[in-house]
1. Among the numbered criteria (1) modelled with pLDDT of 95 or more; (2) over 10 Å from the mean Cα position of the chain (by Cα); (3) loosely packed, with under 14 Cβ neighbours inside 10 Å, which single criterion is violated by V19?
2. Kindly provide the set of residues from the range 35-76 that are assigned to a strand (DSSP E or B), crowded, with 17+ Cβ neighbours inside 10 Å and modelled with pLDDT under 95, ordered by number.
Amino acid sequence: MTHSTTGTADEQTQASWRVQDVRAEVAELRSRGVTIEEYDMPGLKTEDGIADLGFAWAAWIVDPGKNALGILQFKG
C-alpha cells in the first residue's frame, strides 16, 4: 500500500473483512473508541450498527481518509 496525495475518499465500501462474530467485533471496536456507522435508507438499515444483508450481517467504519471499511459475518 502507498499513500496517495491525489486520490479522493469514496463512501462505498473499499475493503471488508470476514469475521466469526460481527457483534463481538463491533463491541471490541467500540471499546477502542471506534465509531460504528449507522444507516437508515432504502435497502440498508442498521440496528446497533449492524445490518442484516440476508446472506450476512455487516457493520461499517470510516477510516481517517473517509473510506468505508466493512466487517461481515456470513450466515450458515
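The values are calculated or read from the model by the stated rules, or taken from the named source; none is laboratory data. Quick caveat: nothing in here was measured; it's all calculated off a predicted structure. Here the Cβ is made from the backbone with ideal geometry for all residues, glycine too, and neighbour counts use every protein chain on show.
1. That leaves (3) as the condition not met.
2. Hit for the range 35-76 is A68, nothing else.
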